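Peer 1: Pasting in a structure now, in structure tokens, and then I'll have a few things to ask.
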Amino acid sequence: MRRLLIASCCLLMVSSVGADERIESALSFVRQTDNLVFRDQVEPHWLDDGSGLWYRVKTGRQSQEFVFVSTPSGERRVAKDFSSLNLPESDGVSTTELSTEIRKSARTGAASSITFVNKLKDEVKFIWINQQGERIPYGTLEAGAEKKMQSYDGHVWLITSIKGETIAVAEVAATPHTVTINGPGKVKEPKDKKPEGAAGRRRGEESPDGKWVVIIEEGVVKLRDRKSQTTTHVPTDYDGVSPFRSGVSWSPDSRAFVVSCADDVSQREVAIVESRPANQTQPALKTLRYTKPGDPLPKPKPVLFHVTDAGGEWVPIATDLFDNPFTESQRVPVQWSPDGREFYFSYNQRGHQVYRVLAVHAETGAIRAIVDEVSPTFIDYANKTWRHWLPDSGELLWMSERDGWCHLWLYDVASGTVKQQVTQGNWPVREVLSVDEEQRVVWFLASGLRKEESPYHLHLCRVNLDGTDFRQLTDSDGTHRVKFSPDRKYFVAEWSRVDHPPVHELRSSEDGRLVSVLETADIRGLLKSGWTLPERFVAKGRDGVHDIHGLIVKPSHFDPSQTYPIVEEVYAGPHAAATPKTFSRLTRQHAIAELGFIVVQSDGMGTNHRGKAFHDVCWKNLKDAGFPDRIAWIRQAAGSRPWMDLSRVGIYGGSAGGQNAMRALLDHHDFYHVAIADCGCHDNRMDKIWWNEQWMGWPVDESYRASSNFEDAHKLQGRLLLIVGELDTNVDPASTAQVVGALQKAQKSFDYMPIMGAGHGAAETPYGSRLRMEYLVRHLLDHPRETR
């Protein structure tokens, strides 16, 4: 008989001996796959004279090689130590110094990973520092070994000695990367890119010619003549209405400046109770500023001032073109033209259906639109509003989905007209890497270029700014990452797939010509351990037109004569396409598969990188989450794989994936029987403003209610486990608590486990991940009939 969860209680997961043994065996199996992949990491160090490069590669658990490669010929020379290569040690031997100052995780962004390579002689420990500054241990790494940590963009990891001495602090990036631990405070990490448009911006208050200083005092603007020390208040219609904010942008000629003014709005605070702080017995109340959909915003405006003999004057700017900006900031970043004739700023209208790049004339204050994007659904402002100014030619290189695919467009700045669509086709530009203004060439990564290949595979391309001479410079059947030589004549391309280990190639930037295959990863030891490559599978989605791509993971003890329950990992957040595309050990998926499951994952309609029509399915419709496509995909996979048991299907996910997992038992309980929802944004009215208004729009309307797990809690059928971290600062943990209340009110049976001291991603803590495995075993293996 099912147990009913009553107010504020959580069901303790008590596993059977058999389940414990299965879980320990699964975890042991994954641990045994550590440090069994070699020749998979190449960090090129280019010689100053352009004659070649060298790199260090791991060839075994305790062995390595140094390799020199001649760039003209591709000839490789191998040595056991660096000095044997007879190269100057100044060529790339030094490492980037990282501060050892302990800092909190800045945010919890998209799922990512970080690989650590321990070059020390001693074992080290890994500790995750959450957004509250608490330290959560995550195991150790022996000397000479490497370890890939599944994590999130913005998470901070502390590496210490076994005695607890700080060695280094590393932050996870949006894309997976590797750090090499060489000594205290030393790791190799990619350098931060300089923000677009940073050149020419002045954040100080002093004018470029040093004659004037702007003072923001009590919400008004004052201008001080440094020679006479005379300070003059420059009156505007905004005085006393919308206070001016700190931060001044001067024109290059010191004749004008821009200051932002913004409304004072009350900002929502979310309260979180820490049940047992480290320094006291009694609980502690924590509050954080947290803006939610529909909340008021400060609506910052740029305000133009002229410098005059009398001190200064305000120049009014008509606000019709930027009257309702979406931003939580109180400032408007602006950029001046080199000649100081005008300044530019971006306007993202609340609701994300209008996006403009605006220009203001410095003398008259006249405003015009250079770029004016309009969409009946949404503009993906966070990922697809890249721009690059070309001041020498008076042009702007702009990214847009206006033709249904993410492409580059060249604008004439003076007239605000399109000069050229630079890229085009039924494929998207994914990332711009570089613009050569002198040669008028743009380098970028694109996907979906070849029908016979996965539409998610990234390839390096180049094209002239007039749209001619398009070249795809990589051609291997996989997704690529590239690193250019300083002179950009060559690049090292790393490519892999989920079912193909990494290959590193040296190629010519001119035409993509293969110069040399540097390394092919050695996974023989990994395969010998019993680990198996995932299987890629493609099937039609709901419309019978779009291909849905995904993967299938089998246990090491797989027997095709047996049948296995199916467990789906889900993350249908529209900003991404979360199914792995590159090679990795997929430790979470393999650990679950080892319990006796077939683990699947795919990207349905409503996720990113497949064109605007594919993406728009999510608009005001997050409850859809691509379920019709993913269910069709699983059914088609099982149709030719009799060992996949469609009568026992589970699903799990975190954050947006937590929302998706619970939704499976609300709308699709005829297919799914067990769900584990971790830290879910179960009601988009409860979650952070920037993510939810991007896909659900503004004002907050009935669509928010229609996608709410809270509102639909009464529809629950099947076995549900809700997990949440009590200190989650990413998704308000009250969202899960509200769902608990709604389920209780509806007299529904379910399980609930708040994890004390944990933040976002509580199911990825050692306790949370074990709990998830235990729940799947109990309800899909031990007692599958209870799920009906």
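Peer 1: Hey, among Leu665, Leu622, which residue is surrounded by 24 or more Cβ atoms within 10 Å (Cβ to Cβ) and part of a loop (DSSP other than H, G, I, E, B)? Before the answer, list the steps.
Peer 2: Details: Leu665 fails: part of a loop (DSSP other than H, G, I, E, B).
Step by step, each of Leu665, Leu622 is checked, and only Leu622 is surrounded by 24 or more Cβ atoms within 10 Å (Cβ to Cβ) and part of a loop (DSSP other than H, G, I, E, B).
Peer 1: Every residue in the range 628-655 that is in a helix (DSSP H, G or I), under 20 Å from Ala572 (Cβ atoms) and either touching a Lys or Arg at 6+ places or on another chain (Cβ under 9 Å) or open to solvent by 10 Å² or more (accessible area, probe 1.4 Å) (or both), please. Lay out the reasoning, then the answer.
Peer 2: Pass one, the range 628-655, residues in a helix (DSSP H, G or I): 628-639.
Still in the list and also under 20 Å from Ala572 (Cβ atoms): 628-637.
Within the range 628-655, Pro628, Asp629, Ile631, Ala632, Trp633, Arg635, Gln636 qualify.
Peer 1: Now for a separate question. Can you name every residue in the range 572-603 that is small (Gly, Ala, Ser), in contact with a helix residue (DSSP H, G or I) (Cβ under 8 Å, 6 or more places away or on another chain) and within 24 Å of Thr385 (Cα to Cα)?
Peer 2: Answer for the range 572-603, where residues must be small (Gly, Ala, Ser), in contact with a helix residue (DSSP H, G or I) (Cβ under 8 Å, 6 or more places away or on another chain) and within 24 Å of Thr385 (Cα to Cα): Ala572, Gly573, Ala578.
Peer 1: Tally the residues that are closer than 16 Å to Asn464 by Cβ, out of contact with any Ser or Thr (no Cβ under 7 Å at 6 or more places or on another chain) and assigned to a strand (DSSP E or B), restricting the search to the range 419-432. Even if it seems obvious, please write down each step before you answer.
Peer 2: The first filter runs over the range 419-432 and keeps only residues closer than 16 Å to Asn464 by Cβ, leaving 419-425, 429, 432.
Now restrict to residues that are out of contact with any Ser or Thr (no Cβ under 7 Å at 6 or more places or on another chain): 419-425, 432.
Okay, now just the ones that are also assigned to a strand (DSSP E or B), so 419-421, 432.
Total satisfying the criteria: 4.
Peer 1: Still on this structure, I have one more. Can you name every residue in the range 335-357 that is outside any strand (DSSP E or B) and either in contact with a strand residue (DSSP E or B) (Cβ under 8 Å, 6 or more places away or on another chain) or open to solvent by less than 50 Å² (accessible area, probe 1.4 Å) (or both)?
Peer 2: From the range 335-357, those outside any strand (DSSP E or B) are 337-341, 350-353; that's our starting set.
Answer for the range 335-357, where residues must be outside any strand (DSSP E or B) and either in contact with a strand residue (DSSP E or B) (Cβ under 8 Å, 6 or more places away or on another chain) or open to solvent by less than 50 Å² (accessible area, probe 1.4 Å) (or both): Ser337, Gly340, Arg341, Arg350, Gly351, His352, Gln353.
Peer 1: Right, here's the next one. Could you list, in sequence order, the residues of the range 745-775 that are open to solvent by 40 Å² or more (accessible area, probe 1.4 Å) and under 16 Å from Leu720 (Cβ atoms)?
Peer 2: Of everything in the range 745-775, those that are open to solvent by 40 Å² or more (accessible area, probe 1.4 Å) and under 16 Å from Leu720 (Cβ atoms) turn out to be Lys745, Gln747, Lys748.
Peer 1: Got at least one residue in the range 694-716 being touching a His at 6+ places or on another chain (Cβ under 7 Å), β-branched (Val, Ile, Thr) and under 30 Å from Arg350 (Cα atoms)?
Peer 2: Among the residues of the range 694-716, not one is touching a His at 6+ places or on another chain (Cβ under 7 Å), β-branched (Val, Ile, Thr) and under 30 Å from Arg350 (Cα atoms), which makes the answer no.
Peer 1: Given (1) outside any strand (DSSP E or B); (2) open to solvent by 10 Å² or more (accessible area, probe 1.4 Å), identify the lone condition not met by Thr474.
Peer 2: (2)
Peer 1: While we're on this one: Residues Val332, Val360: which one is part of a loop (DSSP other than H, G, I, E, B) and either among the β-branched types (Val, Ile, Thr) or open to solvent by less than 50 Å² (accessible area, probe 1.4 Å) (or both)? Steps first, answer last, please.
Peer 2: Values: Val360 fails: part of a loop (DSSP other than H, G, I, E, B).
Result: Val332 is the single residue among Val332, Val360 that is part of a loop (DSSP other than H, G, I, E, B) and either among the β-branched types (Val, Ile, Thr) or open to solvent by less than 50 Å² (accessible area, probe 1.4 Å) (or both).
Peer 1: Going residue by residue through the range 392-401, is there one that turns out to be open to solvent by less than 20 Å² (accessible area, probe 1.4 Å), touching an Asp or Glu at 6+ places or on another chain (Cβ under 7 Å) and modelled with pLDDT of 95 or more?
Peer 2: Restricting attention to the range 392-401, the residues satisfying the condition of being open to solvent by less than 20 Å² (accessible area, probe 1.4 Å) are 395-400.
Next, from what is left, pick out any that are touching an Asp or Glu at 6+ places or on another chain (Cβ under 7 Å): 395, 400.
Right, trim to modelled with pLDDT of 95 or more and you get 395, 400.
So far as the range 392-401 goes, yes, one or more of its residues are open to solvent by less than 20 Å² (accessible area, probe 1.4 Å), touching an Asp or Glu at 6+ places or on another chain (Cβ under 7 Å) and modelled with pLDDT of 95 or more.
Peer 1: Kindly establish whether Lys292 is farther than 20 Å from Ala359 by Cβ and basic (Lys, Arg).
Peer 2: For Lys292, the condition - farther than 20 Å from Ala359 by Cβ and basic (Lys, Arg) - is met.
Peer 1: Considering the range 375-391 alone, what residues qualify as being aliphatic (A, V, I, L, M), more than 17 Å from Gln421 (Cβ to Cβ) and surrounded by fewer than 20 Cβ atoms within 10 Å (Cβ to Cβ)?
Peer 2: First pass over the range 375-391, keeping only residues aliphatic (A, V, I, L, M): 379, 382, 390.
Now drop any that are not more than 17 Å from Gln421 (Cβ to Cβ), which leaves 379, 382.
Within the range 375-391, just Ala382 meets the criteria.
Peer 1: Could you figure out which of (1) touching a residue at least 12 places away in the same chain (Cβ under 8 Å); (2) more than 25 Å from Arg341 (Cβ to Cβ) isn't true of Tyr411?
Peer 2: In the conditions (1) touching a residue at least 12 places away in the same chain (Cβ under 8 Å); (2) more than 25 Å from Arg341 (Cβ to Cβ), Tyr411 misses (2) alone.
Residue-by-condition table, conditions (1) within 24 Å of Ala758 (Cα to Cα); (2) acidic (Asp, Glu):
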site	(1), (2)
Ala677	yes, no
Gly680	yes, no
Asp687	yes, yes
Trp695	no, no
Glu711	no, yes
Gln717	no, no
Leu720	yes, no
Gly725	yes, no
Asn730	yes, no
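Peer 1: I would also like to ask the following. Identify the residue in the range 438-470 that is part of a loop (DSSP other than H, G, I, E, B), farther than 17 Å from His480 by Cβ and in contact (Cβ under 8 Å) with a residue 12 or more places away in the chain and, among all such residues, is least open to solvent (accessible area, probe 1.4 Å). Walk me through it before giving the result.
Peer 2: Going through the range 438-470, the residues part of a loop (DSSP other than H, G, I, E, B) turn out to be 438-440, 447-458, 465-470.
Imposing the further condition that a residue be farther than 17 Å from His480 by Cβ reduces the set to 438-440, 451, 465-469.
Okay, now just the ones that are also in contact (Cβ under 8 Å) with a residue 12 or more places away in the chain, so 440, 465-467.
Working: Arg440: 84, Leu465: 1, Asp466: 83, Gly467: 31 Å².
Restricting to residues being part of a loop (DSSP other than H, G, I, E, B), farther than 17 Å from His480 by Cβ and in contact (Cβ under 8 Å) with a residue 12 or more places away in the chain, the top hit is Leu465.
Peer 1: Cβ-Cβ below 8 Å, separation at least six or inter-chain, first residue in the range 414-428 and in contact (Cβ under 8 Å) with a residue 40 or more places away in the chain, second aromatic (Phe, Trp, Tyr) and in a strand (DSSP E or B): which pairs?
Peer 2: Gln420/Trp409; Gln421/Trp409; Val422/Trp409; Thr423/Phe444
Peer 1: Under the condition of being open to solvent by 40 Å² or more (accessible area, probe 1.4 Å) and within 25 Å of Glu269 (Cβ to Cβ), which residue from the range 702-732 is farthest from the chain's Cα centre (by Cα)?
Peer 2: Residue satisfying both the conditions and the ranking: Glu711.
Peer 1: Do we have Asp782 as acidic (Asp, Glu) and under 21 Å from Leu716 (Cα atoms) here?
Peer 2: Details: acidic (Asp, Glu): yes; under 21 Å from Leu716 (Cα atoms): no.
Judged against the criteria, Asp782 is not a match.
Peer 1: Something else now. Give the residues of the range 544-557 that are in contact with a strand residue (DSSP E or B) (Cβ under 8 Å, 6 or more places away or on another chain) and either without any contact (Cβ under 8 Å) to a residue 24 or more places away in the chain or more than 24 Å from Arg663 (Cβ to Cβ) (or both), sorted by residue number.
Peer 2: Our first condition is that a residue be in contact with a strand residue (DSSP E or B) (Cβ under 8 Å, 6 or more places away or on another chain); within the range 544-557, this holds for 546-555.
Across the range 544-557, the qualifying residues are Lys554, Pro555.
Table: residues versus (1) surrounded by 15 or more Cβ atoms within 10 Å (Cβ to Cβ); (2) outside any loop (DSSP other than H, G, I, E, B).
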| position | (1), (2) |
| --- | --- |
| Val270 | yes, yes |
| Thr281 | no, no |
| Leu285 | no, yes |
| Lys292 | yes, no |
| Pro296 | no, no |
| Val303 | yes, yes |
| Asp309 | no, no |
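Peer 1: Say we look at the range 133-145 and pick out the residues that are assigned to a strand (DSSP E or B) and closer than 22 Å to Ala758 by Cβ; which of these is modelled with the highest pLDDT?
Peer 2: Residues of the range 133-145 assigned to a strand (DSSP E or B): 135-141.
Retained after the next criterion (residues that are closer than 22 Å to Ala758 by Cβ): 135-140.
Details: Arg135: 76, Ile136: 75, Pro137: 74, Tyr138: 76, Gly139: 74, Thr140: 79.
Among residues in the range 133-145 that are assigned to a strand (DSSP E or B) and closer than 22 Å to Ala758 by Cβ, the one modelled with the highest pLDDT is Thr140.
Peer 1: Sticking with this one: State yes or no: is Val124 modelled with pLDDT of 80 or more and not aromatic (Phe, Trp, Tyr)?
Peer 2: Details: modelled with pLDDT of 80 or more: yes; not aromatic (Phe, Trp, Tyr): yes.
So Val124 fits the description; yes.
Peer 1: For the range 45-69, enumerate the residues that are of a type in the set (Gly, Ala, Ser) and more than 36 Å from the chain's Cα centre (by Cα). Give the steps one after another, and end with the answer.
Peer 2: Step one: filter the range 45-69 for residues of a type in the set (Gly, Ala, Ser), giving 50-52, 60, 63.
Ser51 - this is the single residue of the range 45-69 that is of a type in the set (Gly, Ala, Ser) and more than 36 Å from the chain's Cα centre (by Cα).
Peer 1: Another question, if that's okay. Identify the residue in the range 496-518 that is touching a Lys or Arg at 6+ places or on another chain (Cβ under 8 Å) and within 19 Å of Leu533 (Cβ to Cβ) and, among all such residues, is least open to solvent (accessible area, probe 1.4 Å).
Peer 2: Keep residues of the range 496-518 that are touching a Lys or Arg at 6+ places or on another chain (Cβ under 8 Å), which gives 497-499, 507-516, 518.
This time we only want the ones that are within 19 Å of Leu533 (Cβ to Cβ), so: 497-499.
Details: Arg497: 32, Val498: 7, Asp499: 38 Å².
If we take residues in the range 496-518 being touching a Lys or Arg at 6+ places or on another chain (Cβ under 8 Å) and within 19 Å of Leu533 (Cβ to Cβ), then Val498 is least open to solvent (accessible area, probe 1.4 Å).
Peer 1: Only one of (1) modelled with pLDDT of 95 or more; (2) open to solvent by 50 Å² or more (accessible area, probe 1.4 Å) is not met by Thr33, so which one is it?
Peer 2: The number of the failed condition is (2).
Peer 1: Here's another thing I want to ask about it. Within the range 255-268, track down each residue that is of a type in the set (Ser, Thr, Tyr) and either at pLDDT below 95 or open to solvent by 80 Å² or more (accessible area, probe 1.4 Å) (or both). Walk me through how you get there before you give the answer.
Peer 2: Filtering the range 255-268 for residues of a type in the set (Ser, Thr, Tyr) gives 260, 266.
Residue satisfying the conditions is Ser266 alone.
Peer 1: Let me ask something else. Would a scan of the range 600-612 turn up a residue that is more than 21 Å from Ser113 (Cβ to Cβ) and part of a helix (DSSP H, G or I)? Spell out the reasoning first.
Peer 2: Taking the range 600-612 and keeping what is more than 21 Å from Ser113 (Cβ to Cβ), we get 604-606, 610-612.
Then keep just the ones that are part of a helix (DSSP H, G or I); that gives 612.
Yes, some residue in the range 600-612 is more than 21 Å from Ser113 (Cβ to Cβ) and part of a helix (DSSP H, G or I).
The values are calculated or read from the model by the stated rules, or taken from the named source; none is laboratory data. Please read all numbers here as calculations on a predicted model, not as lab measurements. Neighbour counts run over all protein chains shown; Cβ positions are idealised from the backbone, glycine included. In case anyone asks, the SASA skips ligands and DNA or RNA and just uses the protein heavy atoms, side chains included. Shrake-Rupley method; radii C 1.70, N 1.55, O 1.52, S 1.80 Å.
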